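Starting off with a structure, shown below.
Laboratory data are not the source of any read-out in this text; all were calculated from the coordinates shown. If you're wondering where the values come from, they're calculated on a predicted model, not measured in any experiment. Using ideal geometry, Cβ is built from the backbone for each residue, glycine included, and neighbour counts are taken over all protein chains shown.
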């Protein structure tokens, strides 16, 4: 039989095992690849497309702004912009790329965009470049700047590292307090660390691949991250300058601030030259993330002309980002109108953005355009402004101010503080503003490109050095009050305040915001009121002795300018000679006609309000002129306004007097009712209760309700006074000191009675001031608390010229699309009417005609002008005596108002020059305005007129601002091709 041998079990070789393992791994890889490339194809394709796809927004040009003849005042031009896009490669080569870019910009005298708040001055000192002088605003901006960059996180860890959950308001306030203690230098160190700028000194070898190198790199990075910002900075400064570090920081900071908003290119430089753009374009392959594009920028062909009307462009502030982003703005790069028409008509002027969806490679360069959306220009705004009249107003104002501050005018000494002013011209029948000038002005082109201002320009416009200016001002003007009197210094912030309105501010629109006393330019209003109310007849005279002393009961004797009398004076002579006496008497009679009550005190104000000067305080909504840009509404003296002013200032006078222990000759032991930090809550409440009782008493003046008698009021305040005495440690110490010094025992009850009597007397005095005739008489000549803007005063002159018809003033005629279709048109709108008898009107006009025909500087200015005009000068005081003027180195305002032609007025004008000392000195801009407006008529009257009038030649014939409506075309995108 055959016997089968058992089979020998075959062992697996190592080679076979290896093959099996390899086959298994290979199989897994194949399955994974199939899964990724087949099953998950669509998903990963979508992800890849998204990561390499970008939407690049295209800025839209703003609408144009025209004058009333079609000249372009604001348009757009195309400019080259250098941008940086964050990609893996551009991040890895960031510093290398930036070095190349900065080198190109430097070699071609270009500036990169620098909006970083933290700056370095010429001495290497760090500072914050604030765009405001307000201490509170500065704190808010600084706090937001530091929080946006995460600097609060380190402070929070230090203060509340063990805290969990949300912080309390108190804790947040503590963090903010610590943030504000961080100096600009400390902030720089923190940002160096925040932006990982240690990468500049990392060993290049650590970029090599491998686990060992990775570990070394991690260890190196950890070493730097454990250092303080200052330690890292000190190491960097061994190789780089502080300005180099800050330049990198500017770009890093912009990238971070935009990183919260998704993919967006960062602007490195704006408005670079074509040649520079060409150089960059040639090197793009070696500049990952860098690109050159064409973008529209705002352009103002006439530069400073009309800047107070047009406004300017600026970046969106961090505090308003969310508001604008909800409206479709890119807060990181879009500009908005910040003042004037640019701001008021932002919604109309802004364009509709376009853009393109593109594919990009690892360097951030476009490889394919997938979709494109066209951008559209905004609507156009057509102004009422006449470019030629505007130039005459603006340049003549600047020239007169220059003459006043340098050589002097009319043989007088220079007035060094006469550095501000305004001129407004209005078309009488329509209310259309033909010119609105404010001095000093500015070139809005400076702000059309962010980050381009020099440190000197930034300081001048946004953050003036008032200490330096003040010292120079004192040296020039001889101001006796010293620097702290001139510019009050806040002890906590160290910031000085220009409450005396001395520093000339370019961005402050003196025409619409500057409140000034009108002085004698107000007298035509008093003339209208006096004649219409019948307290004076047209031919009736009063003997003007120069001193108003014919009514002793009024308690004082105001005078004419210089105390000069005008003898027998009627309304025409009163206006011609600017007789204070006549207008004092007018108000005196008006006051007595209405029996001296509140109606009597308000009668003149009722006329002024109808002329557009101020607004009735009893109205729920104050009426302005109607202008489209921001304006302030003035105050005309009335009982209510004066009472409110007295109440608001009375407590200050009361506290000071009682602290000194003397009131109108009555003496008592000093009694301090000012709230002190170490006062108990009960004492603070007691002091406030006494003040409230006094204020309540004053509030009842002129109110028809039953009031306590003076004796009853006196008794009612005694318990309040006694309570303060008992609670006040300071008062007890004062009593002890007094007793030791005098060697007598103080009778507290007697002291309470003396103080109560003084308090009662104080309220009686305040009531007397509120209700007597002194202030109404002052108001009759444009003095006292009456203050108006030059715009309001020009509107009043236009209303007077229009026989009492007041129209809403406006700057805009119409809004059109880029194709010329009218979107909205603005018509003349009557808002009020002053009834003026024709004979009264004729008499007032005749008196105003004589103003420039009776000698003096105003006649010299208007000599040879063939068109009859009506005028009124004003020398407007705002200080009670010469010594108070000398304290702050200032002078009275010079004001001048009028209209022309006399018989059929077409244009009204008002001008003011701050600190020019004499009203007639403001007359020169008025003639310049008239000549520009009537230029064709003047030449028709006399073809040789241009050669006879030096002003006509200077401000009309030789104006550098020629018409551009037929010549200036905005540069089209297709006309500038990328190199």
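Hey, fewest Cβ within 10 Å first, where do 903, 832, 819, 570 land in order?
The fewest-first ordering by Cβ neighbours comes to 819, 903, 832, 570.
Any idea what the alpha-carbon Rg over 2.2 N^0.38 Å comes to for region 639-766?
1.08
Helix 748-771 against the longest principal axis of the chain: what's the angle in degrees, Cα atoms only, rounded to the nearest 10?
80 degrees
Report the calculated FRET efficiency for residue 842 and residue 243 (r = Cβ-Cβ distance, R0 = 51 Å), to the nearest 0.05.
That pair, residue 842 with residue 243, gives E of 0.10.
If r is the Cβ-Cβ distance from residue 592 to residue 651 and R0 is 25 Å, what FRET efficiency results, to the nearest 0.05?
0.15
What's log10 of I(q)/I(0) for region 846-966 at q = 0.11, 0.12, 0.16, 0.18 Å⁻¹, Debye sum over Cα points only, no solvent?
-0.44, -0.51, -0.80, -0.94
Then there's this: Return the equivalent ellipsoid semi-axes of region 363-453 as a descending list in whole Å, where each equals the square root of 5 times an eigenvalue of the C-alpha gyration tensor.
Result for region 363-453: semi-axes of 44, 23, 8 Å.
Turning to a different aspect of this structure: According to the square roots a ≥ b ≥ c of the eigenvalues of the Cα gyration tensor, what is the shape class of region 245-296, taking rounded for a/c under 1.5, prolate for a/b larger than b/c otherwise, and oblate for the remainder?
Judged from the Cα gyration tensor, region 245-296 comes out prolate (a/c at least 1.5, a/b above b/c).
Related question: So how do 248-255, 140-147, 673-680, 272-279 stack up, highest first, on mean other-Cβ count within 10 Å?
Descending packing order for the listed peptides: 248-255, 140-147, 272-279, 673-680.
By how many degrees, between 0 and 90 and to the nearest 10, does the Cα long axis of helix 211-225 differ from the longest principal axis of the chain?
On a 0 to 90 degree scale, this one is about 20.
Also, quick follow-up: Please list, by residue number, everything in region 640-671 whose backbone N is under 12 Å from a paramagnetic label point 7 Å out along Cα→Cβ of residue 744.
Output list for this probe position: 668-669.
Next question, about the same structure. Give the label of the value calculated from the structure for percent of Cα pairs over 38 Å apart, choosing from (1) 56; (2) 61; (3) 80.
Correct label is (2).
Divide, for region 490-540, the radius of gyration over alpha carbons by 2.2 N^0.38 Å, where N is the residue count.
2.05
While we're on this one: Considering only C-alpha atoms, what is the centroid distance from region 593-611 to region 263-325, in Å?
With region 593-611 and region 263-325 each reduced to a Cα centre, they are spaced 56 Å.
Can you bin every Cα-Cα distance in region 698-758 into 5 Å intervals starting at zero and give me the percent of pairs per bin, rounded to whole numbers?
Here the calculated profile for region 698-758 is 4, 16, 20, 20, 14, 10, 8, 5, 3, 1.
Report the dimensions of region 89-221 along its three principal axes from the alpha-carbon atoms, largest first, rounded to Å.
Projected onto the principal axes, the Cα atoms of region 89-221 cover 49, 45, 25 Å.
Another question, if that's okay. Quick one: which of 808-818, 388-398, 852-862 comes out on top by average Cβ neighbours within 10 Å, and what's the full order, highest first?
Per-residue mean Cβ counts within 10 Å order the peptides as 388-398, 808-818, 852-862.
On the Cα set of region 657-706, report Rg and Dmax in Å, please.
13.9, 41
Determine, for each peptide in 700-709, 176-185, 841-850, the mean count of other beta carbons within 10 angstrom over its residues, then list the peptides with the highest first.
841-850, 176-185, 700-709
Would you mind computing, in nm to one decimal, how far apart the modelled labels at residue 803 and residue 764 are, each placed 7 Å from Cα along Cα→Cβ?
Distance between label points: 5.4 nm.
What is the pair-distance distribution P(r) of region 712-796, computed from all Cα-Cα distances in 5 Å bins starting at 0, with each bin given as a whole percent?
All Cα pairs, binned at 5 Å, distribute as 3, 12, 13, 14, 11, 8, 8, 7, 8, 7, 5, 3, 1, 0 percent.
For residue 220 and residue 883, what is the calculated FRET efficiency with R₀ set at 41 Å and r taken between the beta-carbons, to the nearest 0.05?
That gives a FRET efficiency of 0.05.
Another question about this same structure. Shape of region 241-337 from its Cα gyration tensor (a ≥ b ≥ c, root eigenvalues): rounded if a/c is under 1.5, otherwise prolate when a/b > b/c, or oblate?
Taking the square roots of the gyration eigenvalues as a ≥ b ≥ c, region 241-337 is oblate.
Hey, what angle do you get for helix 242-259 against the long axis of the chain, alpha-carbon based, 0 to 90 degrees rounded to 10?
90 degrees
Rounded, prolate or oblate: which one fits region 166-313, using the alpha carbon gyration tensor with axes a ≥ b ≥ c (rounded when a/c is under 1.5, else prolate when a/b beats b/c, else oblate)?
Oblate, since a/c reaches 1.5 and b/c is not below a/b.
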